[in-house]
Every structure is written in structure tokens, then in C-alpha cells.
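Chemist: Below is the structure I would like to discuss, written out as C-alpha cells.
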Amino acid sequence: MVRNAQRFHGWIAGAGTSSGTRIVLGHWPRSPFGPFSDVMVERADGRRLLLAPSRRIADFVAAVYRFDRVLVVPVTVDAAGRHWHVTAGPLRMRLTTGRRGGLGTLLRCVPAPLAARPAWVALTDLPARLMPGVRTRGSAGGGYREWYGVRDLRGITGIEASWEGRDLGPLAPVDPPVRFGFGSAPRTPALVRVVTTVAGPRGSSAPASAPASGRRGL
């Protein structure tokens, strides 16, 4: 059993655009903070940005991951079948997913309790490393440890995204890998269902908070 752990049940979508901007959406219907969504953006010049719906969530995510700027803005996600519509402050995005492949079908057979176990995640970390930059366990710093238990996988086949009204271009690989934490989203754009376990620094009873900047812009 992992002490000081919190569990997040939901989805992570990772996609690139032809402008060089890479976007990682976290959509969490079940979490210690209640339902919420957040977006991590890395632009072509390497600047990393977090879009979070509240100061409390922004502080927590900024303590676990690394960003150059943090914005507290309304974040809404409307998932309707294969289409995901996302609004997050200056970001507008529409994702289209493809059919579930063989790997996704296999992952759907993994029960949530098993997927969340660190021993199982350690086992799946080995094949995950065959994809450049992808890891299922590790630490981004600050004493936090994470485990990603994957339960489903669909490819992303299309994206329409804009920042402050400027089009970010069509779908592209997540290349170079994003640098928010210890690992990247897969190079091939994908929507992944996960159980994420986050354990705080050893000896702590609750996750620490980190200050988050409210400055706007990329």
C-alpha cells in the first residue's frame, strides 16, 4: 500500500499540432478535488503552461509537475462520443478519436483495482518504455511519486485548436516529447483512460502546495 496517496480516475489526451504546440488534457470525473479538468500546453519554443480551474488545483498540479507559467481559468470539457470539445481560457480545442484497437480492447479488461496497484504499473512500465519518452511510474520532483494505471486507449484522428483565436494547425505527433513531468504522452496522439496515483513527499500527511503565477499568455 502506498502511503499519502491520492487517486485520480479519468482520461488523458495528448496531441501535437503543426505549429509545434503540444497539448495534454486531463479530464478527471473522480478525484480528491471532485470532478475537474486541466490542460498542459508546451509551445514550439519549449515554454510550458498550465491551465487549471481553481487556485487549489493549480497549486497541487504545479507542485507535482513543472511549468513556466500557470493560469487559473475556467476549464470545461464536453465529451460526446468520438468528439471532445474543450474550452480553457484562451484555448479552444476539438478532438476526434478513432476506433479502439487491439491494445485498447485488451486494456479494457484490466479491473480498476488491479490497474491502480504499483506492482502492476511497474510491470506495464517495461513495454511502455518501447515508446520514446513514455513512462508509467516515476517522479517529477518535489518528493512526489506517480503511477499511471492504463485502462483504455484510442487514437486521436483529428484536432481543431486555437489560442486567443489563432489557429494552431492540424494534428501532428507529440514531438519533441513534452517536459511537464517524468514522462511524455505517446508520440502518436492518443486518448488514454487511466487511474493515476500520486503519493506526497515521504513523511507528509497531505500534498504540499506550490505558488502558482497568474500571468496570462504564452
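None of the figures in this text is laboratory data; all of them are computed from the coordinates on show. What you are looking at is a predicted structure, and each value in this text was computed from that prediction instead of being measured. We place every Cβ from the backbone using ideal geometry, glycine too, and count neighbours over all the protein chains shown.
Chemist: Hey, with R₀ at 35 Å, roughly what FRET efficiency would Phe33 and Glu164 work out to, going by the Cβ-Cβ distance, to 0.05? Walk me through the intermediate numbers first.
Modeler: Working: r = 27 Å, r/R0 = 0.78.
The value I calculate is 0.80.
Chemist: Got a sec to turn the phi values of the stretch 54-59 into Karplus ³J(HN,Hα) couplings, 6.51 cos²θ - 1.76 cosθ + 1.60 with θ = phi - 60°, whole Hz, x for Gly and Pro?
Modeler: 8, 4, 4, 5, 4, 5
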